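Down below is the structure, laid out as structure tokens.
The values are calculated or read from the model by the stated rules, or taken from the named source; none is laboratory data. On a predicted model such as this, the values are computed, not experimentally measured, just so you know. All Cβ positions, glycine included, derive from the backbone under ideal geometry; neighbour counts span all protein chains shown. For accessibility, only protein heavy atoms count, side chains too; no ligands or nucleic acids. Shrake-Rupley method; radii C 1.70, N 1.55, O 1.52, S 1.80 Å.
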Amino acid sequence: MSVKLVFGTQWGDEGKGKVVDYYAEKADIVVRYQGGNNAGHTIKIGDEVFKFHLLPSGAVRKGKTAVVGNGVVIDPEVLISEIEELRKRGVEPNLLISDRAHVIMPYHRMLDGAEERFRGNKKVGTTGRGIGPCYSDKIARLGIRMGDLIDEDALKERLEFIIPLKHRIFEAYGMKERLDIDEVFKEYSEYGRYLKDMVTDTLEFLQSSTDREILLEGAQGAMLDVDFGTYPYTTSSHTIGGGASTGSGIPPNRIEEIIGVVKAYTTRVGMGPFPTEQNNEIGEHLGERGHEFGTTTGRARRCGWLDLVVVKHALRISGATGIAITKIDVLEGLETVKAAYAYDIDGKKKDSFPASLKDIDNIKPIYREFQGWSMTEGEWEKVKEEGIEALPENAKRYLDFIEKETGVKIKMLSYGPAREETVEL
Ligand code: GDP
Ligand code: IMO
Ligand code: MG
């Protein structure tokens with residue numbers, strides 16, 4: 001078995017979908033291991049654009065097995081619509097879904113909204129997809145798993161127990177809505193019938209695939225990790241490399257290559273701290289050139305300079321063996337480009353990311369400044385042939401700085417959304 005892992009090192013939307021699609025050429029199996037349809041992964045193949053929320057990005061390539069692992073939370077309606085969409089576009093996915101993965105239910109979406117309203121001006125800015133409440137139920141042992149969804153007796157029994165309990169919580173939030181157990185059962189048992197043949201023990205499948213190439217696809221980014229991110233402005237799963245093991249059942253020591261995806265600048269969707277944010281014409285340049293609008297909710301992404309304190313934090317926790325830099329093209333045309341490599345917090349220099357929101361609020365990023373650069377299509381072709389040495393000096397200085405600061409090698413450089421706009425180093 002050879003296993004490669006791809007994860008996000010910032011606040012999500014680093015270009016994981018594109019990187020996974022590229023590496024998937026050599027893989028037999030592509031696995032999503034955490035998150036749910038809060039994720040939005042975009043893949044561009046020729047003129048065709050695919051946007052996945054739950055399906056692993058490898059699902060567009062013929063002959064690959066796509067696995068939705070136990071660590072994912074699944075909204076079955078969304079999963080079915082993604083399968084149907086792929087079929088309409090002439091791709092029949094070969095999909096296996098873990099019987100241990102948890103199901104996002106209507107009350108999870110309703111409570112996601114209620115909790116956000118309750119937080120008022122301290123809201124997280126969630127995607128509203130029910131992710132947090134579903135993971136909460138998993139940990140509280142009140143969840144419904146895919147194995148229950150496809151077993152009508154089990155589903156009925158769980159709903160009869162859980163829905164009255166949720167109604168009490170609705171009451172506490174002052175919510176007037178009530179769910180009808182029979183109606184929920186009817187809708188969800190239908191989803192169960194549709195998905196039944198794909199639901200299986202994916203752990204057994206993965207562990208017995210010893211002669212296959214496996215690619216693990218992360219969602220979100222390390223700064224949205226529920227432990228290591230900017231808590232409570234995070235998502236509800238483990239987005240760092242370690243999440244791949246708990247979310248798929250592949251032991252940590254079997255994962256050979258760990259690739260952290262680093263966008264050449266930083267973006268964030270939703271609320272919460274963002275030390276290198278540029279709420280000015282720099283941010284506008286990045287947002288416009290980078291088309292920084294959320295794949296899932298369409299919200300404009302906040303933009304700022306590359307923050308290497310964040311990236312180092314993510315790479316260290318995840319044991320990264322390589323970096324994939326994306327969207328380097330978006331920096332072209334700027335007079336100067338900056339990257340933060342340390343923080344000043346209350347007069348003390350720090351190069352690790354603090355836990356407390358108070359400390360985070362007091363961060364003053366310390367920047368290294370670079371002169372800008374621009375490139376033509378032809379120059380990129382030269383980089384493809386000759387490697388990183390063919391880059392303009394200023395771009396090389398920027399990339400060298402990233403490698404030197406992080407101590408991790410750049411293995412891939414992406415300069416456009418399409419598959420071909422990629423250089424392996
Ligand atoms: P993910 O959530 O990490 O998979 O990233 P998203 O798909 O949400 O957002 C990344 C966006 O940038 C998508 O629209 C990609 O098509 C696009 N993209 C990926 N790599 C590059 C690149 O190197 N250059 C440019 N200009 N766009 C890219
Ligand atoms: P991909 O996989 C960017 C953010 C939300 C919000 C916070 C919590 O495309 O990189 P949640 O709905 O998860 O409870 O929201 O996390 N968020 C993302 N931001 N990319 C994502 O996924 C995200 N998934 C969640 O905006 O701030
Ligand atoms: Mg995304």
Which one of these does Ala24 not meet: (1) open to solvent by less than 20 Å² (accessible area, probe 1.4 Å); (2) within 16 Å of ligand 3 (Cβ to nearest atom)?
-> (2)
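Out of the stretch 1-23, which residues are of a type in the set (A, V, I, L, M), within 13 Å of ligand 1 (Cβ to nearest atom) and out of contact with any Ser or Thr (no Cβ under 6 Å at 6 or more places or on another chain)? Talk me through it step by step, then tell me what you get.
From the stretch 1-23, those of a type in the set (A, V, I, L, M) are 1, 3, 5-6, 19-20; that's our starting set.
Now restrict to residues that are within 13 Å of ligand 1 (Cβ to nearest atom): 6, 19-20.
Those that are of a type in the set (A, V, I, L, M), within 13 Å of ligand 1 (Cβ to nearest atom) and out of contact with any Ser or Thr (no Cβ under 6 Å at 6 or more places or on another chain): Val6, Val19.
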Every residue from the stretch 222-265 that is open to solvent by 10 Å² or more (accessible area, probe 1.4 Å), within 16 Å of ligand 2 (Cβ to nearest atom) and among the charged types (D, E, K, R) = Asp227
Scan the stretch 54-70 residue by residue and report those that are part of a loop (DSSP other than H, G, I, E, B) and either open to solvent by 10 Å² or more (accessible area, probe 1.4 Å) or modelled with pLDDT under 95 (or both).
-> Arg61, Lys62, Gly63, Lys64, Asn70
Could you list all residues from the stretch 253-266 that are more than 12 Å from ligand 1 (Cβ to nearest atom) and either in contact with a Phe, Trp or Tyr (Cβ under 7 Å, 6 or more places away or on another chain) or in a helix (DSSP H, G or I) (or both)?
-> Asn253, Arg254, Thr266
Close pairs (7 angstrom Cβ cut-off, 6 or more residues apart or separate chains): under 14 Å from Val330 (Cα atoms) in the stretch 409-422, within 16 Å of ligand 3 (Cβ to nearest atom) and part of a loop (DSSP other than H, G, I, E, B) anywhere = Ser414/Gly15; Ser414/Lys327
Quick one: in the stretch 27-53, of everything that is of a type in the set (D, E, K, R) and either crowded, with 24+ Cβ neighbours inside 10 Å or in contact (Cβ under 8 Å) with a residue 24 or more places away in the chain (or both), which residue is nearest to Val226 (Cα to Cα)?
-> Arg32
Spot the failing condition for Thr336; the list is (1) farther than 18 Å from Val261 by Cα; (2) β-branched (Val, Ile, Thr); (3) crowded, with 18+ Cβ neighbours inside 10 Å, and only one is missed.
-> (3)
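So which strands (runs of 3 or more DSSP E) stay within the stretch 348-425 end to end and still have 1 or more residues that are open to solvent by 20 Å² or more (accessible area, probe 1.4 Å) and over 25 Å from His285 (Cα atoms)?
Details: elements: 348-350, 363-371, 410-414, 422-424.
Passing ranges, in order: 348-350, 410-414, 422-424.
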Counting only residues in the stretch 267-290 that are part of a loop (DSSP other than H, G, I, E, B) and out of contact with any strand residue (DSSP E or B) (no Cβ under 6 Å at 6 or more places or on another chain), the one surrounded by the most Cβ atoms within 10 Å (Cβ to Cβ) is identified as Val269
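Here is a yes/no grid of residues against (1) in a helix (DSSP H, G or I); (2) open to solvent by 40 Å² or more (accessible area, probe 1.4 Å); (3) small (Gly, Ala, Ser):
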{"residue": "Glu77", "(1), (2), (3)": "yes, yes, no"}
{"residue": "Leu96", "(1), (2), (3)": "no, no, no"}
{"residue": "Arg117", "(1), (2), (3)": "yes, yes, no"}
{"residue": "Thr126", "(1), (2), (3)": "no, yes, no"}
Restricting attention to the stretch 300-326, and to residues there that are touching a Pro at 6+ places or on another chain (Cβ under 9 Å) and part of a loop (DSSP other than H, G, I, E, B), which single residue is least open to solvent (accessible area, probe 1.4 Å)?
-> Trp305
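Considering only the stretch 34-53, state which residues are more than 24 Å from Thr202 (Cβ to Cβ) and among the hydrophobic types (A, V, I, L, M, F, W, C).
Ile45, Val49
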Failed criterion for Lys176 (all others in (1) assigned to a helix (DSSP H, G or I); (2) in the same structural domain as Ala140 (by TED's automatic domain parsing) hold) | (1)
Long-range neighbours under 7 Å by Cβ, at least six apart or interchain, first residue at positive phi within the stretch 212-225, second open to solvent by 10 Å² or more (accessible area, probe 1.4 Å) = Gln220/Thr235
